[in-house]
Amino acid sequence: MGDGKSKASKPARPASSVDADETVHSATSDVLHEHYADQPKYRKRLGKKVYEQELETLYTELAKLQSWVRVTGQKIVLLFEGRDAAGKGGVIRRITEPLNPRVARVVALASPTEREQTQWYFQRYVAHLPAAGEMVLFDRSWYNRTGVERVMGFASEEEVKEFFLSVPQFERMLIRSGIRLIKYWFSVSPQEQEKRFQARIDHPVKRWKISEMDLASRLRWDDYSRAKDEMFAYTDIREAPWYLVEADDKRRARLNCIHHLLSLLPYEDHIRPKLQLEARPTRSTYVRPPYSEQHVVPRVY
């Protein structure tokens, strides 16, 4: 780990013979769950001890990534898409936990306002794009148009067709401007999604995570599958391909996603050198006011 890269060697990105104006028609789909389920390695969920050890290692690399972004003025956009309860929020929290929120910030937009509905579709997302030295993580993005908006009837087929025509050019324009755009799709099986939905319903602390829209979407699994496949066909472009994360095992999904993210970026270790704390003055003339004059929080615990 001392060479400034992630624990495993960074995989080389395969060369593509697809022209810049063509899309890469992805062969990935939810049937991959069956493929992984047949492999003994993936039948058992990753243990907590191994997970925490690997996560701590990746956190060190994320700190190096952050310093590289800041020092070299990188502009990075990460998109996290997938079905409800697929684990997008969990991996976003793990990525940002060791990072400075001034460098890495999360964007999770609410439903568009009446005014935003009359704007150019991409307009409200453009406002959140990074400046130099920033990394922005979108917890759902402009791909809402081809997911919930399309399946649940909030977008017309004409609007979806226009989106498919516009988004490849929009993303290429972002990349030409110097933004590094990375797109992740979190894939979860219907059985695992059902378990997670039920866990949210049963736990008062988690109930905010599930909405009436989520429950309605749950009944349209096949519609979402077809919408996702068509989205991949139009938007899995060479300059910004979709990377699919198998997410039935949350711990594996988080580690795999973070490791993959690190493998895509040519970051270097720009972490500040270790500092030495000078000895404080042994004498002080400061006198603290009495507790009776302050509003002290009661020691309940």
Original post:
When you scan the range 195-205, how many residues do you find that are surrounded by 14 or more Cβ atoms within 10 Å (Cβ to Cβ) and in contact with a Lys or Arg (Cβ under 8 Å, 6 or more places away or on another chain)?
Top reply: 2
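For (1) in contact with a helix residue (DSSP H, G or I) (Cβ under 9 Å, 6 or more places away or on another chain); (2) part of a loop (DSSP other than H, G, I, E, B); (3) among the aliphatic types (A, V, I, L, M), each residue gets a yes or a no:
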residue	(1), (2), (3)
ASP223	yes, no, no
ALA227	yes, no, yes
PHE232	no, no, no
PRO266	yes, yes, no
PRO273	no, yes, no
GLU278	no, yes, no
SER292	no, no, no
VAL296	no, yes, yes
Original post:
From the set of residues in the range 148-163 that are in contact with a helix residue (DSSP H, G or I) (Cβ under 6 Å, 6 or more places away or on another chain) and touching a residue at least 40 places away in the same chain (Cβ under 8 Å), which is nearest to ASP236 (Cα to Cα)?
Top reply: PHE163
**OP:** Go through ALA240, ALA233, ALA253, ALA247 for me and flag whichever is small (Gly, Ala, Ser) and more than 30 Å from TRP68 (Cβ to Cβ).
**Re:** ALA233
Original post:
How do the pairs read when you match residues in the range 98-109 that are closer than 14 Å to LEU79 by Cβ and without any contact (Cβ under 8 Å) to a residue 40 or more places away in the chain with residues anywhere that are surrounded by 15 or more Cβ atoms within 10 Å (Cβ to Cβ) and among the aromatic types (Phe, Trp, Tyr), using Cβ under 7 Å and keeping only pairs 6 or more apart or on different chains?
Top reply: VAL107/PHE138
**OP:** Give the residue that is farthest from the chain's Cα centre (by Cα), with candidates limited to residues of the range 36-70 that are modelled with pLDDT of 95 or more and basic (Lys, Arg).
**Re:** LYS49
Subject >> Where a residue in the range 164-179 is at positive phi and its partner, wherever it lies, is not small (Gly, Ala, Ser), with Cβ under 8 Å and at least six apart >> reply: GLY178/LYS75
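What are the residues in the range 254-264 that are over 18 Å from ASN100 (Cβ atoms), among the aliphatic types (A, V, I, L, M) and out of contact with any helix residue (DSSP H, G or I) (no Cβ under 6 Å at 6 or more places or on another chain), if any?
First, the residues of the range 254-264 that are over 18 Å from ASN100 (Cβ atoms): 254-257, 259-260, 263-264.
Still in the running and among the aliphatic types (A, V, I, L, M): 255, 264.
Within the range 254-264, just LEU264 meets the criteria.
The values are calculated or read from the model by the stated rules, or taken from the named source; none is laboratory data. Just so we're clear, the structure is a prediction, and the values are computed from it rather than from any experiment. So basically every Cβ, Gly included, is an ideal-geometry build from the backbone, and we count neighbours across all protein chains shown.
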